[in-house]
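The values are calculated or read from the model by the stated rules, or taken from the named source; none is laboratory data. Quantities reported herein were computed from a predicted structural model and do not represent experimental measurements. As a convention, Cβ positions derive from the backbone with ideal geometry for all residues, glycine included, and neighbour counts pool all protein chains shown. Each accessible area value is taken on the protein alone, full model and side chains, heavy atoms only, with ligands, DNA and RNA left out. Shrake-Rupley method; radii C 1.70, N 1.55, O 1.52, S 1.80 Å.
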Amino acid sequence: MSEVKVKSNKLSTTEDEHIEIEKAYQALCAAVKVKTDPEDQANIQAAYELAVKAHAPQRRKSGEPYIFHPIAVARICAEEIGLGPTAIVAALLHDVVEDTAVSLEDLDEQFGSKITNIVDGLTKLDNAYDAESPQAENFKKVLSTLIDDVRVVLIKMADRLHNMRTLGAMPRHKQLKIASETEFIYAPLAHRLGLYAFKTEFQDLCMKIREPETYHQIAKKLRETKRSREAYIQAFIKPIETHLDEMDIPYRITGRPKSIYSISNKIKNKKVSFEEIYDLFAVRIILDAEPKKEKPACWIAYSSVTDIYHPIPERLKDWITTPKSNGYESLHTTVVGPNGRYVEVQIRSERMDEISEKGFAAHWKYKGVSAQPDVYDRWLGSVRELLENKDSDAIEFLNDFKTNLFSEEVYVYTPKGDMRILPKGATALDFAFDIHTEVGYHCTAIKINNALVRIGYKLRNGDQIEVITNKNQKPNEDWLKIVVTGKARSRIRAAMKEERRKKGELGKEALERKFKNLKVPFDEKNVEKVVEYYKLKSRIDLFYAIAMEEINLQDFSKYFQVENNALILIKITEPLIGSATTDENPAPVARKNKKEIDPSSIVINGQSGDHFKYSLSACCKPVQGDDIFAYMSNNGCKIHRASCPNATQLMANYGYRIMKAEWASSMSNNFVADIVITGVDSGRGVIERISQTISTFLDLNIRSFHIDGNQGFFEGRIKLIVSNKNQLNHAIHALKEMDGIQSVVRVS
Ligand code: MN
């Protein structure tokens, strides 16, 4: 990518550099794993020579000749993804069209259309890439190329990985920007494509940039404990080897530490020290069994391990029988090793191991070998479907993508027994839309396994679902909060848009009258000025806002005057409505929260919070103990929960504004937490029982309490005043224990 490159006045490369370049190229050739014929080799050689010549005047930010970059990218493709000659040639040439005089026609003539198309895809991706444009836009572009030729994205991953490995020469703010984009787009994508090794390295490299101190601390501790860890692993696997040797299956065993990123997450999430983490490493047994025998072979190995060490039953995970949705297959167990230490053991075949490391790339090689349905084909199909939905903007698209395509899945059934697959977290209403748009629109009730449930019921594997419809039912705004799938959401949005358009007719007429009074033509140009002034997205939104009396046309002439049949803005004042609740304009609630806390109670980037004008965000209402981050806006600093639904958007668009925030340890303040309770209304005074539990038993205060009943079900919304997360968790737990309560969840 061009951002790491500068043109140098220095004439070409030195003799020493030449030798180094040649060495790098030889190493690349040695790294090619797939069989190549003389023609492939000639092509690779030609691509190398062309790239050397074309990039000759260029150097990277670090000062080294630019050609090292494409060679390194090609080597990653060959060595770490296991790609073949086509991809290697394309990787060597990936920057020539963008940055040198070589044209696509030149490439077509010399290397043919296949290579040219890939390089073209990569060039487009880079040209479309704009460091200033929202990352969500960039992401959409990455995905569009993904469905054309997967190799484009695989080479792009290699390109990104090499750039991340060599980010040291870049200025800090650019490092942060690239790291946040990598963490946000490339790491999850690598995960979804099953490129496990890439995902792990991306995360580690991002952490190294974002939190260098923690990163180096953990790295140091890993080094210090390496010897004793290795001795432990040796002692652990020795008896297993003796057992496995008696079997007639070749195998190998590896034991390696988990990634720094995942160790750091454990320290954070479980609030333990490095020394207290029991599963710092995983032992992997890889069996060289032929496809038909791999599953029994894995279970035989499992049996050997558990003959020696005592297993923890609830940690047994069988992803061989049911692979993960990204194709991952493996058998996991945790056993009690010597000295009572827990050790995770992963058992798999060579094929499964390759798929788990290289995912998508390895998948092709084994197409048809596994009995599993083609997970990637199905997945790519969904990507395509989502991209074709022109209705959603980039941010919506990204959110849909995150929930729908990066997540695991649930398997449910229609009353006739047909299986439907939905993303994990999908609700009964999502299911209704999945069946058919009309079924979704008119859904009034849902039966799961013959019992009525709320339409917001979260689906579980194996549920049998019946949708009850009514012609008079239609979608409403609240439904958007219930559904998670992109399909349902876009259909509801479309219906709402239509509804808004209808309601907006009144507003349109009112504005038309106003224009008539002012004697200004009611044309697109003039109307757009008003739309812009109120910072609205469209004319429909404007008409709707007028119809709903959110905009008062009486003040109209205070802001606009008429000159030559055109509307002219008089003075720039803050619009009365518009995007009033974005983070740029703190909502009133946020200010109220601010008074409730002591500014020194939060530590931002290692400094006391009172250096920053900060407030707790109104959208997710953090309480002490929550995992939080700080977001710098023009109006000071906002504290959000890391799990805040808006976090994705903020990170996507303004990754560089995100700062680390933590709670100072000692404080006694009150926070308002919103919880939603659902259950069966048995007619025994639900409100009274709940409030009694909260006030008498838990000794907490309630700020407000709303309850709605529907078909024997009730849903209660409580604003609870707590002083920290422990207290909140305790309350949630106690409420769950009550009779007739189905769920208690914290919401934002
Ligand atoms: Mn590049």
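Data table
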{"read-out": "Segment 414-534, relative contact order in percent, only Cα pairs under 8 angstrom and at least six apart counted", "value": "23"}
{"read-out": "Accessible heavy-atom area order of HIS216, HIS442, HIS55, highest first, probe of 1.4 Å", "value": "HIS216, HIS442, HIS55"}
{"read-out": "Orientation-averaged projected area, Cα convex hull of segment 72-128 (nm²)", "value": "3.8"}
{"read-out": "LYS270 paired with LYS226, simple spin-label distance in nm, labels 7 Å along Cα-to-beta-carbon", "value": "2.4"}
{"read-out": "For segment 11-60: accessible area per residue (Å², 1.4 Å)", "value": "60"}
{"read-out": "Among 329-335, 101-107, the order from most to least packed when residues are scored by Cβ within 10 Å on average", "value": "329-335, 101-107"}
{"read-out": "Accessible heavy-atom area order of ASP204, ASP681, highest first, probe of 1.4 Å", "value": "ASP681, ASP204"}
{"read-out": "Accessible area of TRP319 in the full protein assembly, 1.4 Å probe (Å², nearest 10)", "value": "60"}
{"read-out": "Per residue solvent-accessible surface (Å²) - segment 171-250, probe of 1.4 Å", "value": "50"}
{"read-out": "GLU524, GLU499, reordered so the largest accessible area comes first (probe 1.4 Å)", "value": "GLU524, GLU499"}
{"read-out": "Shape category assigned to segment 50-90 from the gyration tensor of Cα positions, a/c cut at 1.5", "value": "oblate"}
{"read-out": "Contour excess over end-to-end distance, with Cα ends at ARG315 and THR242 and 0.36 nm allotted per residue", "value": "23.8 nm"}
{"read-out": "Placed amide H near ALA642: partners under 5 Å, 5+ positions off or other chain", "value": "ASP627, ILE628, PHE629"}
{"read-out": "Highest-first arrangement of 530-540, 111-121, where packing means the average Cβ count within 10 Å", "value": "111-121, 530-540"}
{"read-out": "Area accessible to solvent at VAL467, 1.4 Å probe radius, in Å²", "value": "40"}
{"read-out": "Accessible area expressed per residue, segment 510-561, with surrounding protein chains retained (probe 1.4 Å, Å²)", "value": "60"}
{"read-out": "Burial ranking of peptide ranges 410-416, 626-632 (average Cβ count within 10 Å, highest at the top)", "value": "626-632, 410-416"}
